[in-house]
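Asks: Here it is, the structure, as structure tokens.
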Protein chains: 2
Amino acid sequence: MKARFAIGVDLGATTVKTGVVSAAGKILYQNRLPTNGHSGPPAVIKQIEVSVRDALAHAFGKKPSGIGIGSPGVVDESGVVKSPPNIDGWDIVPLARKLGNTFPRFRIKVENDANAAAIAESRFGAGKKYPNFLFVIWGTGVGGGIILNGKIYRGPTGGAGEIGHISIDHNGPECNCGNRGCVEAYIGQRYLSQRTAEKLKSRPESKILELINRDASRIEPMYIAEAARLGDQLAREMLVEAGTFLGVAIAAVMNVMDLRVSIIGGGISASGGFVIDAIEESVRSRVLKPLRPGIKVFQARLGNDAGILGAAGLVL
Amino acid sequence: MKARFAIGVDLGATTVKTGVVSAAGKILYQNRLPTNGHSGPPAVIKQIEVSVRDALAHAFGKKPSGIGIGSPGVVDESGVVKSPPNIDGWDIVPLARKLGNTFPRFRIKVENDANAAAIAESRFGAGKKYPNFLFVIWGTGVGGGIILNGKIYRGPTGGAGEIGHISIDHNGPECNCGNRGCVEAYIGQRYLSQRTAEKLKSRPESKILELINRDASRIEPMYIAEAARLGDQLAREMLVEAGTFLGVAIAAVMNVMDLRVSIIGGGISASGGFVIDAIEESVRSRVLKPLRPGIKVFQARLGNDAGILGAAGLVL
């Protein structure tokens with residue numbers, strides 16, 4: 001008989017979240033532990049092991065179909081994780097093999113976290129009906145994952161999906177990555193906040209200023225989104241402009257890969273339906289004509305659960 | 001025994017070229033006929049049939065492994081061709097089926113022409129050693145094809161590879177396609193010529209002016225390339241800038257699809273090695289760091305033969 005559940009581990013910068021997930025995509029049990037990224041790879045792996053053991057203890061005495069892990073960094077097909085940000089001293093770690101030594105009875109798969117979230121939306125969320133789509137995570141940075149024929153497209157070395165570093169202006173502002181005009185350099189958390197702070201100088205009436213106690217250093221997209229909800233004009237302008245910029249990059253991917261659907265997750269994407277509408281309008285006005293009738297942009301459905309669900313989806 | 005050759009048809013805007021191609025990628029025989037695109041689909045199909053019959057008559061009395069056709073327009077998996085430019089009244093034509101009625105003894109495959117050229121470079125040309133690359137055709141327009149694991153990536157409906165309509169400036173000049181700042185709107189034949197004509201007003205010393213008899217309406221990339229060969233400074237500047245722009249779009253595709261190699265074909269790509277160098281430098285400076293060491297940009301090797309060779313490659 002097929003196992004009806006799996007263990008999913010969402011390895012984040014600050015927290016390891018592990019869940020027992022049913023084949024229908026329900027989280028039946030979950031725990032949280034600090035990642036301890038400052039203590040280096042062995043400490044982090046220890047935390048994963050502790051959280052997996054705890055989850056197994058809550059797996060109803062049955063054997064799950066496997067253990068899936070969503071990890072930051074580039075992940076190759078054999079489960080080797082390269083250079084995840086925010087974990088000190090983690091250069092190249094064969095995470096799947098190491099966990100396999102600890103849990104020899106289980107099938108273990110490791111995938112990049114954005115790819116895992118894309119898989120979650122594909123299996124359990126907004127992408128269920130769409131075999132082909134571009135998933136975007138819009139938060140601190142801008143990342144993504146590409147689903148083709150219901151499967152993740154990893155690229156030759158597992159690095160695919162980096163939509164945030166598409167340049168939308170060859171002569172635009174410098175990005176951390178070395179390129180110019182990357183869409184992330186307009187709409188990633190820090191950049192969007194900076195651009196808004198700049199605008200606020202000439203918009204003293206904006207509700208954003210009240211929300212941040214007139215302290216520009218406190219600007220964050222969550223305040224911009226909250227101000228937008230309260231009807232603030234500048235906040236809406238900034239988010240609509242950001243959505244329009246994101247649409248430019250999404251349109252490029254759709255033209256090149258012949259895609260029509262995009263699903264937008266991550267913190268900033270939850271600012272309101274008007275942002276999703278702005279993205280969709282931007283995409284539709286910019287893709288090649290044959291693609292236009294099919295263009296659809298949705299908000300992701302699984303929110304913070306996408307990590308655990310996608311990780312479990314790797315082995316379900 | 002495996003057939004050692006195939007028939008390849010390169011259906012162009014003005015000419016149908018058909019060849020007998022060996023498994024090693026040699027054109028053993030070839031013919032040329034006018035496309036007669038102004039006379040509509042039945043006339044065009046007639047020309048294909050005549051040229052294939054002639055090629056079969058030169059196939060050494062043996063049966064080829066099949067008939068491949070590279071066609072403009074969007075081509076679906078069953079060989080239906082949609083809206084090729086320059087053929088009057090061709091909306092949706094099931095080309096593979098129609099040719100199958102005429103040549104029932106043969107396996108018949110139809111593919112988009114840019115995809116066919118990408119396949120040719122993959123099997124017989126500059127891409128032989130590279131299982132994954134982005135092929136670009138840079139001429140009248142800017143198109144392309146994507147080779148993944150040695151096979152063409154067609155996308156869900158066969159429309160993939162439209163690298164020319166990646167915007168490199170969200171606020172740039174309008175493109176025919178409706179988008180703004182498409183790389184084609186900077187470096188496609190007409191646009192590159194216009195931009196050069198504009199610059200020539202303040203550069204009366206340029207050798208381009210001699211080559212076109214000081215008649216700006218005659219500017220074409222071939223004259224810009226010729227002037228560059230003669231050492232003209234403006235001509236080199238224009239082509240290096242164009243290559244740099246193309247690199248911005250290629251870098252976007254490489255970041256998203258995790259690719260490292262690009263092969264550049266089409267008329268303008270033959271302007272000189274310095275253009276290929278400019279593209280490569282632009283790509284390398286703009287892709288994400290993990291990709292940089294592997295970045296390679298090559299000139300295509302098969303030139304005008306790519307169409308026939310790629311078409312034959314579909315059935316070899």
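Nothing in this text is a laboratory measurement; each read-out follows from the coordinates by a stated rule. These figures come from a predicted structure and were not determined experimentally. Note that we place each Cβ from the backbone using ideal geometry, even for glycine, and neighbour counts take in every protein chain shown.
Asks: Where the centroid of each part is defined by its Cα atoms, how far is the range A:156-187 from the range B:153-180 in Å?
Replies: Their Cα centres are 17 Å away from one another.
Asks: Would you tell me the mean number of C-beta atoms belonging to other protein chains that fall within 10 Å of each C-beta in A:281-293, as a whole number?
Replies: Mean shielding by partner chains, rounded to a whole number: 3.
Asks: Now for a separate question. Considering Cα pairs under 8 angstrom that are at least six residues apart, work out the relative contact order of the range B:129-300 and quote it in whole percent.
Replies: Computed value for the range B:129-300: 22 percent relative contact order.
Asks: Cα-based Rg (one decimal) and Dmax (whole number) for the range A:263-316, in Å?
Replies: 14.1, 39
Asks: Taking a cut-off of 15 Å, what percent of all Cα-Cα pairs in the range B:163-215 are separated by more than that?
Replies: Cα-Cα pairs in the range B:163-215 separated by more than 15 Å: 51 percent.
Asks: With a cut-off of 8 Å between alpha carbons and a minimum separation of six or more residues, what is the relative contact order of chain A in percent?
Replies: 20 percent
Asks: Over its Cα atoms, what ratio of radius of gyration to 2.2 N^0.38 Å does the protein assembly as shown give?
Replies: Normalised Cα radius of gyration, the protein assembly as shown: 1.05.
Asks: Now, a different point. List the distances, in nm to one decimal, from the label point of A:Ala59 to the label points of the same position in every other copy, shortest first, placing each label point 7 Å from Cα along the Cα-to-Cβ direction.
Replies: Distances to the matching label points in the other copies: 5.7 nm.
Asks: Please state the Cα pair-distance histogram of the range A:1-134 with 10 angstrom bins from zero: what percent is in each bin?
Replies: That works out to 13, 44, 34, 9, 0, in percent per bin.
Asks: Using a label point 7 angstrom from Cα along Cα-to-C-beta, what distances in nm, from shortest up, separate B:Ser78 from the other copies?
Replies: 4.4
Asks: Per Stokes-Einstein, at 20 °C and 1.002 mPa s, what whole-number D in µm² s⁻¹ belongs to chain B, with the Kirkwood radius over Cα pairs as the hydrodynamic radius?
Replies: 106 µm²/s
Asks: What is the average number of partner chain Cβ atoms found within 10 Å of a Cβ in B:89-99?
Replies: For this peptide, the per-residue mean of nearby foreign Cβ atoms is 0.
Asks: For the range A:128-300, just the Cα atoms, rotate onto the principal axes and tell me the three extents in Å, largest first.
Replies: 49, 33, 25
Asks: Let me ask you something else. Quickly rank A:111-119, B:36-44, A:299-307 as a protection proxy: mean count of other C-beta atoms within 10 Å, highest first.
Replies: Packing order, densest peptide first, comes out as A:111-119, A:299-307, B:36-44.
Asks: Hey, what do the phi angles of the range B:308-315 turn into as Karplus ³J(HN,Hα) couplings, whole Hz, using 6.51/-1.76/1.60 and θ = phi - 60°, x for Gly and Pro?
Replies: 5, 5, x, 4, 5, x, 5, 10
Asks: From the label point of B:Leu28, set 7 Å from Cα along Cα→Cβ, how far away are the matching label points in the other copies, in nm, ordered shortest to longest?
Replies: Label-point separations across copies, in nm and ascending: 6.4.
Asks: Taking 8 Å as the Cα distance limit and 6 or more residues as the minimum spacing, I'd like the relative contact order of the range A:31-114 as a percentage.
Replies: Reported as a whole number, the value is 33 percent.
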